[in-house]
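Following: one structure in structure tokens, then a few remarks.
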Amino acid sequence: MFDSITLGQYYQTDSVLHRLDPRVKLVGTFVYLISLFVVDSYVGYIVAALFLAAMIFLSNVPFRYIVRGMKTIVFLLLITVCFNLFLTPGEVIWQAWIFKITKEGLTFAIKMAVRLSLLILGSSIMTLTTTPTQLTDALESLLRPLKKLHVPVHEISMMMSIALRFIPILMEETDKIMKAQIARGADFESKNLIKKIKSMVPLLVPLFISAFRRANDLAMAMEARCYRGGEGRTKMKPLVYKANDRIAYLVLLAFAVVCILTRIYF
Amino acid sequence: MIKIEKLIHDYIQRDDEGNAAGTFRAIGGVDLDVSPGQFIAVLGHNGSGKSTLAKHLNALLFPTEGTVWVDGMDTKDEKNLWEIRREAGMVFQNPDNQIIAQVVEEDVGFGPENIGVPTEEIWKRVEESLKAVGMWVHRKKSPNRLSGGQKQRVSIAGVIAMQPKCIVLDEPTAMLDPNGRKEVINAAMQLNRTKGITIILITHYMEEAINADQVFVMDRGKIAMQGTPREIFAQVERMKELQLDVPQVTLLAYELRKKGLNIPVSILTKEELADALMGPAAASESEGSAEDDKAAQSEEKEAPHGNQG
């Protein structure tokens with residue numbers, strides 16, 4: 001039943017963006033998110049939106065699929081918009097009972113909504129075109145300078161990728177334990193919150209025990225295969241920048257410059 | 001290839017506070033000698049010390065007393081540690097808990113990555129290893145989508161990619177269905193025959209031991225019996241004493257013999273039994289067809305066995 005779950009919502013297809021080095025995409029997303037806070041004019045937002053549209057076009061991911069990921073945060077978006085709309089003080093343009101909308105509030109709310117939507121769409125473009133494995137690799141490679149500060153970069157990324165590998169296995173196990181408990185009369189359907197939390201205990205205890213047992217086994221299997229940390233390790237799939245990646249960095253740079261210019265001139 | 005002398009292993013038992021409360025002797029004086037290219041089976045019921053023995057061969061455990069040499073290297077010597085682990089690969093019981101990566105090919109590459117093999121060489125080895133166990137077509141898949149037998153074959157490929165001289169399989173089939181068991185054992189036997197890799201198969205399925213060059217039976221931390229499968233399974237009474245079964249056919253032949261039929265002491269396959277029952281004339285007729293015999297043996301493994309529970 002968990003076979004259909006794709007972690008990190010990766011969308012499998014072939015496109016320019018899919019083939020880019022994950023480091024470029026990670027840096028790119030970062031630059032994009034920052035630039036959304038740099039621009040502060042409608043012109044700037046239009047530039048950002050056009051850039052995003054171009055990326056969506058290049059990603060080959062159906063637009064419907066991307067928007068579906070937005071559904072979960074529509075609620076959050078609405079609340080933010082309402083707060084900004086009704087609670088910003090300034091020149092009142094509409095009033096009913098205790099609600100009043102100000103001119104400043106309206107601009108602010110629109111900007112906020114646009115900014116948030118672009119932010120979420122922008123980061124989901126990255127997760128849609130990059131597998132979790134590629135992301136951890138990119139993270140390891142980009143954070144490598146931190147090794148000088150004794151940050152265990154390799155170990156962190158190894159932990160992340162192992163966690164990703166075991167999520168589906170542990171979910172399957174949860175499902176199994178749950179069914180076993182239901183068969184013995186456990187009640188997971190209760191609406192009562194306290195009862196619900198209590199019913200989690202017989203689920204979590206065996207799950208934790210099993211997770212530790214698995215961790216123990218896995219550690220031994222890794223040792224048996226000569227794993228001894230990041231020292232002296234080679235890579236089966238090393239990250240190498242290609243021509244496309246260099247072009248992508250240039251495009252990013254150009255985008256960042258344009259964003260700064262809009263901030264200055266508009 | 002592997003030489004064990006007077007091996008003793010004690011587990012330290014701890015009480016609730018973590019203080020050493022006593023020791024439990026898992027292995028009490030084992031001597032073992034395996035020559036290169038052999039296919040060895042180690043049998044024994046639960047708690048007989050066979051898994052502990054396996055972990056000594058890969059330097060995952062160290063002797064309390066005695067010595068273990070792997071390819072002439074003493075496992076107690078710290079500087080040999082990684083070379084020993086590379087030379088004596090290990091496949092564990094639970095297929096899920098030994099696959100590290102999220103893609104089959106990356107998992108096979110994990111071992112070579114650890115020992116610092118250059119990138120192109122890793123790819124070559126991954127291809128070779130996956131082809132050797134017949135999993136090349138599944139190289140891009142997530143391990144979660146494979147069957148148990150396939151996962152174990154991936155684990156074996158992961159070990160082969162490190163180019164070991166010896167593979168220790170610690171009950172690799174205990175969690176598999178009959179088909180998966182056959183897949184895994186066939187893959188191991190194939191490697192033994194074509195690449196000359198020494199195989200040490202630890203198991204409690206007697207049928208898997210039939211094709212071994214030599215069988216060791218462990219009981220309470222000691223080697224209770226050793227010999228060829230035929231020699232071992234001829235001693236039905238002794239095996240029962242050690243809480244072990246013999247293959248069903250062997251048991252049937254044994255019972256028939258006890259009732260007064262004139263057939264040889266140790267029968268390992270259905271065909272042998274049929275020949276023995278049909279008398280010497282039939283036996284000599286079918287002796288020439290060794291190929292048939294082999295096919296029959298694998299067929300024998302396929303059949304579900306009621307006494308394995």
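The values are calculated or read from the model by the stated rules, or taken from the named source; none is laboratory data. None of these values were measured; they are calculated from a predicted model. Note that each Cβ is placed from the backbone with ideal geometry, even for glycine, and that neighbours are counted across all protein chains shown. Heads up: the accessible areas ignore ligands, DNA and RNA and are worked out on the full protein's heavy atoms, side chains in. Shrake-Rupley method; radii C 1.70, N 1.55, O 1.52, S 1.80 Å.
See the values below:
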item	result
Flag if residue B:73 is within 9 Å of another protein chain (Cβ to nearest Cβ) and either farther than 23 Å from residue B:185 by Cβ or open to solvent by less than 10 Å² (accessible area, probe 1.4 Å) (or both)	no
Residues (assigned to a loop (DSSP other than H, G, I, E, B) and either in contact with a Leu (Cβ under 6 Å, 6 or more places away or on another chain) or more than 9 Å from chain B (Cβ to nearest Cβ) (or both)) located in segment A:232-247	A:239, A:240, A:241, A:242
Some residue of segment A:238-255 being buried (at least 16 other Cβ atoms within 10 Å of the Cβ) and at pLDDT below 90	yes
Hits in segment B:122-134 (condition: within 14 Å of residue B:158 (Cβ to Cβ) and within 11 Å of another protein chain (Cβ to nearest Cβ))	B:122, B:125, B:126
Index of the failed condition, residue A:146 passing every other in (1) within 13 Å of chain B (Cβ to nearest Cβ); (2) open to solvent by 30 Å² or more (accessible area, probe 1.4 Å); (3) not basic (Lys, Arg)	(1)
Residues of segment A:88-108 classified as assigned to a loop (DSSP other than H, G, I, E, B), out of contact with any strand residue (DSSP E or B) (no Cβ under 9 Å at 6 or more places or on another chain) and not aliphatic (A, V, I, L, M), total	1
Some residue of segment B:51-67 being in contact with a helix residue (DSSP H, G or I) (Cβ under 7 Å, 6 or more places away or on another chain), surrounded by 17 or more Cβ atoms within 10 Å (Cβ to Cβ) and outside any loop (DSSP other than H, G, I, E, B)	no
Residue within segment A:173-181 that is closer than 30 Å to residue B:141 by Cα, within 14 Å of chain B (Cβ to nearest Cβ), free of Cβ contacts under 8 Å to residues at least 60 places away in the same chain and surrounded by 14 or more Cβ atoms within 10 Å (Cβ to Cβ) present	yes
Selection count where residues are under 22 Å from residue A:47 (Cα atoms) and among the hydrophobic types (A, V, I, L, M, F, W, C), scope segment A:82-127	14
So residue B:137, is it open to solvent by 30 Å² or more (accessible area, probe 1.4 Å), among the β-branched types (Val, Ile, Thr) and more than 10 Å from every other protein chain (Cβ to nearest Cβ)	yes
Check on residue A:164, open to solvent by less than 70 Å² (accessible area, probe 1.4 Å), in a helix (DSSP H, G or I), facing chain B (nearest Cβ under 9 Å) and touching a Pro at 6+ places or on another chain (Cβ under 6 Å)	yes
Criterion (surrounded by fewer than 20 Cβ atoms within 10 Å (Cβ to Cβ) and either modelled with pLDDT of 85 or more or not β-branched (Val, Ile, Thr) (or both)) met by exactly one of B:253, B:234, B:295	B:295
Search result, residues across segment B:77-94 that are outside any helix (DSSP H, G or I) and either at pLDDT 90 or above or within 7 Å of chain A (Cβ to nearest Cβ) (or both)	B:88, B:89, B:90, B:91, B:92, B:93, B:94
Scope segment B:1-16; condition on the phi < 0 side of the Ramachandran plot, in contact (Cβ under 8 Å) with a residue 60 or more places away in the chain and open to solvent by 40 Å² or more (accessible area, probe 1.4 Å); matching residues	B:3, B:5
Some residue of segment A:138-152 being closer than 30 Å to residue A:71 by Cα and part of a helix (DSSP H, G or I)	yes
Residue check, residue A:111 part of a helix (DSSP H, G or I), away from every other protein chain (no Cβ under 14 Å), loosely packed, with under 15 Cβ neighbours inside 10 Å and out of contact with any Lys or Arg (no Cβ under 9 Å at 6 or more places or on another chain)	no
Selection from segment A:114-137 of residues that are more than 20 Å from residue A:48 (Cβ to Cβ), in a helix (DSSP H, G or I) and at pLDDT 85 or above	A:134, A:135, A:136, A:137
Sole residue being in the same structural domain as residue A:244 (by TED's automatic domain parsing), open to solvent by less than 30 Å² (accessible area, probe 1.4 Å) and out of contact with any Pro (no Cβ under 7 Å at 6 or more places or on another chain), chosen from A:33, A:52, A:58	A:52
Residue match in segment A:71-89 (condition: modelled with pLDDT of 85 or more and either of a type in the set (Gly, Ala, Ser) or within 26 Å of residue A:140 (Cα to Cα) (or both))	no
Identity of the residue in segment B:104-121, within 7 Å of chain A (Cβ to nearest Cβ) and in contact (Cβ under 8 Å) with a residue 24 or more places away in the chain, that ends up farthest from residue B:154 (Cα to Cα)	B:115
Some residue of segment A:8-29 being assigned to a helix (DSSP H, G or I) and either surrounded by fewer than 11 Cβ atoms within 10 Å (Cβ to Cβ) or modelled with pLDDT under 80 (or both)	yes
Residue check for residue B:169: closer than 29 Å to residue B:50 by Cα, within 14 Å of another protein chain (Cβ to nearest Cβ) and not polar (S, T, N, Q)	yes
Some residue of segment A:192-213 being more than 30 Å from residue B:92 (Cβ to Cβ) and part of a loop (DSSP other than H, G, I, E, B)	yes
Hits in segment A:212-231 - residues which are at pLDDT below 90 and either more than 8 Å from chain B (Cβ to nearest Cβ) or loosely packed, with under 12 Cβ neighbours inside 10 Å (or both)	A:229, A:230, A:231
